[in-house]
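Before any comments, here is the structure.
The values are calculated or read from the model by the stated rules, or taken from the named source; none is laboratory data. Fair warning: this is a prediction, and the values are worked out from it, not measured in the lab. Because the Cβ atoms are built from the backbone with ideal geometry, glycine has one as well, and the counts that use them run over all protein chains shown.
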């Protein structure tokens, strides 16, 4: 194990175990009469049994979960009581076994800690590692809620350029190598925040080769990698522009697992990866349940923070998830996940087909002037390239880059010397046109890393000129709605581009 | 409304609403096709219906809650989806109506925000108001987990002396009036943290007259009062040393409510009270559910923090509590609470009867040399006063002050000039004797407010000499266990006091 202590911020280094911990050991002594604990009496809880109807992973039949059944005397009551902070031991063990099976972490020394969702998990990590004024390495386009957590704490983003494989190793290397020169007096970042599968918003997934390169740079510059990975199991095959094969949904769980891009845990030989796992996208967000996988050094400090900041996640959520996972078994859960990713894959395909219905989609190589990755598709209307995107192989989002060179309104805005950021002006105007036509996209500006007041315009951010981004989500709408929405988009494009 | 902005710390002042909020309004427009939201599809949640058997507040029969039943189309599914951050609107409204009915807040302008338990609520308040280096006003003996949250953040306690009514107004006044003199260069505290009913650990409850005095001082010195009140409904009648009347359990809900010490909300005409409500002691801790009641100014900022730090509490917990409260109705819930406090009152009485079985209990007035409050009872053995306590009228704890003058071991320790803190030495030694005899109490030192490294000994803290405290909890043990535990205590006392 490498030395990790210097990564903790002052608050985390100041945390000490509660003296109550010491007392708990004594409570377990034979014949002890404990007048020390301050728990409410479980006989006075008004909830007694709970049954849930749940999906079966394999069949259309529903199954019944009885939360009051189990080896222990009414385990439901124990989920209604205060927990230890780390979460139910059986559920933690399940998550540990699952982690071992799925991720095969290279570091044998890892621990599990339950948390109430990745939003809270990331907040705890920021409060574990980051000090006011520090920069956090992140993707060129990053998840806004993650940023909204760190900005008020006085942290800034150090964005790393991306391509179809996620952040680029050359950009990470040059950012770090040139740090002292470009940021005199400011500490070099030591935390990298990544949504490395089906990234929100870009939809891209980082393959194993890129991961190895990124990891080695993190070793050299002593960076902690925080892998926020809610979409890990929503990875799907590449989109086929002209499908020759009927989609094969009959793969086995083994084939499914083999098809997934690996986690950084598989590469991490030093314990410098903190992984945030969530049940929000695989079971349900309202559970507010997930877990940390990390080196025991980090888990121990995260537990100390958990004890005074949140305590255990909801006992009901823990009880339901444990019962569901135990009933399904690991293989059943994998079958559930395998089917689930097909559902989201189908939605991705609906969305891109809807694009194809209104635009002509051509490979990026046909438009070398656009400077886009090979795997990019370009949506063309009347021979004019309108937007391009990397067809996602994971997650819920398509990240479209609109190419504005040929747009008359943008040309006017760019020639207006009084405008500081014509790209942003165009994006606002275009978004309002879309709203008038009743189709709603998320503006790309929401995902711009916050680098401070002086770096908000397209030029100051060093961003590509004459483009602007919008995020399409394919998770929630029906196929018909997608078709209708994209037809409206095409109508607005025709009007704006004067086609 | 008074100006409250200056109470926020830098982080809270830097929080801005998420741009996603703006988009949500547009989603609701007629005929809008939204490709903006990033939610998982509810048809892909594996949980469908849930039924819970619950207590009836009035009878021994159990009732059945169906979480999937309701006016809306399967409301259970909506609890499984992401929430707004503020919590379910119906549950918030229920809490609002309940607050109006129970507390009749003097400030008509108050809002409700759900939170995942008072541990998290207090952590959010510290991160809302306090800056590193600031002092927080608190009770002379304060809740350790509350402190464990603020100590690593660089905050210190400014303890206020207590009597049988909680913190003393003269002590609060003198602490604040003399602040600049005693703490040159350090900002005067602007936050008061209180467990003002059935305080943990002291068990005391603050009456209305004391509350008015405290509140007026807080107005004069511009202090925000944070009322952490999980035991509010566990208030019970005074303990009768020689009961003449059979305990009357036939009171009405109206009589019950009239018997409760009021919240600071009933006195607060300026919006300077932040109240932390919890279902942990009234329903079950594993729900991890409670709510803030505060001025909209504070609620709005707490909501911004909630969105990026925790999101909604568990949807399952919200669904269960809403269903239970709606089924019981407000009157049913009050009946439940009224019965619940009788249960804890009975446990308090068992504990004090167990004291009476081993010691002679006499009013504090019979031992003027002990300098204890009038309502104090003194436990005497062979004419030697051993410990004294204020019989609690709320909560789960008895806070015993052991009087060490007559103890031979303590006398030896006190005469040992090499010892810095003979009281603490005695407490450690006595606690270990108790453990050997298999009875476990919580050492009073756990509840000492942290004032810095230089104020840890009894003398440096300015604490009363020749006494030491232990906390007895009466919530979890049976009557027989209490008897056995107190008999063991008496045995250790005889040995240690050489009686």
When the range A:275-290 is checked residue by residue, the ones that are closer than 17 Å to residue B:116 by Cα and more than 8 Å from chain B (Cβ to nearest Cβ) are A:290
**Message:** Please determine whether any residue of the range B:66-78 is at the interface with chain A (Cβ under 7 Å from one of its Cβ atoms), in contact (Cβ under 8 Å) with a residue 12 or more places away in the chain and not in a loop (DSSP other than H, G, I, E, B).
**Reply:** no
Note on the range B:84-106: residues within 19 Å of residue B:262 (Cα to Cα) and surrounded by 19 or more Cβ atoms within 10 Å (Cβ to Cβ) are B:95, B:99, B:102, B:103, B:105
_Condition first: crowded, with 24+ Cβ neighbours inside 10 Å, at pLDDT 95 or above and in a helix (DSSP H, G or I). Can you find one or more residues in the range B:286-293 that meet it?_
yes
- Qualifying residue in the range A:141-150 (condition: away from chain B (no Cβ under 14 Å) and assigned to a loop (DSSP other than H, G, I, E, B)): no
Taking the range B:109-127 and keeping only residues that are surrounded by 24 or more Cβ atoms within 10 Å (Cβ to Cβ), away from every other protein chain (no Cβ under 11 Å) and outside any strand (DSSP E or B), one is left with B:125
If you go through A:304, A:334, A:324, the only one that is in contact with a strand residue (DSSP E or B) (Cβ under 7 Å, 6 or more places away or on another chain), within 14 Å of chain B (Cβ to nearest Cβ) and either at pLDDT 95 or above or outside any helix (DSSP H, G or I) (or both) is A:324
Note on the range A:39-65: residues touching a helix residue (DSSP H, G or I) at 6+ places or on another chain (Cβ under 9 Å) and assigned to a loop (DSSP other than H, G, I, E, B) are A:39, A:40, A:41, A:45, A:46, A:56, A:57, A:58
- Query: Among the residues of the range B:157-179, is any buried (at least 19 other Cβ atoms within 10 Å of the Cβ), modelled with pLDDT of 95 or more and within 14 Å of chain A (Cβ to nearest Cβ)?
  - Reply: no
request  = Could you tell me whether residue A:91 is part of a helix (DSSP H, G or I) and within 27 Å of residue B:79 (Cβ to Cβ)?
outcome  = yes
request  = Kindly check whether there is at least one residue in the range B:229-250 that is within 21 Å of residue B:449 (Cα to Cα), at pLDDT 95 or above and away from chain A (no Cβ under 14 Å).
outcome  = yes
### Query
Would a scan of the range B:402-420 turn up a residue that is within 14 Å of another protein chain (Cβ to nearest Cβ) and touching a helix residue (DSSP H, G or I) at 6+ places or on another chain (Cβ under 7 Å)?
no
- Query: Would a scan of the range B:475-490 turn up a residue that is within 14 Å of chain A (Cβ to nearest Cβ) and within 30 Å of residue B:151 (Cβ to Cβ)?
  - Reply: yes
If we keep only residues of the range A:13-22 that are touching a residue at least 40 places away in the same chain (Cβ under 8 Å) and within 7 Å of chain B (Cβ to nearest Cβ), then the residue nearest to residue B:325 (Cα to Cα) is A:18
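Each row is one residue, and each column tells you yes or no for (1) at the interface with chain A (Cβ under 7 Å from one of its Cβ atoms); (2) under 30 Å from residue A:202 (Cα atoms); (3) touching a strand residue (DSSP E or B) at 6+ places or on another chain (Cβ under 8 Å); (4) surrounded by 15 or more Cβ atoms within 10 Å (Cβ to Cβ).
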residue: B:24; (1), (2), (3), (4): no, yes, no, no
residue: B:36; (1), (2), (3), (4): yes, yes, yes, yes
residue: B:46; (1), (2), (3), (4): yes, yes, yes, yes
residue: B:52; (1), (2), (3), (4): yes, no, yes, yes
residue: B:59; (1), (2), (3), (4): no, no, no, no
Filtering the range B:448-469 for residues that are out of contact with any helix residue (DSSP H, G or I) (no Cβ under 6 Å at 6 or more places or on another chain) and within 11 Å of chain A (Cβ to nearest Cβ) leaves a count of 1
Taking residue B:353 as the residue in question, decide whether it is surrounded by fewer than 22 Cβ atoms within 10 Å (Cβ to Cβ), more than 10 Å from chain A (Cβ to nearest Cβ) and modelled with pLDDT of 95 or more.
-> yes
The lone condition residue A:296 fails out of (1) more than 10 Å from every other protein chain (Cβ to nearest Cβ); (2) at pLDDT below 95 is (2)
(message) Residues that are at the interface with chain B (Cβ under 9 Å from one of its Cβ atoms), within 30 Å of residue B:126 (Cα to Cα) and in contact with a strand residue (DSSP E or B) (Cβ under 7 Å, 6 or more places away or on another chain): does the range A:80-96 have at least one?
(response) yes
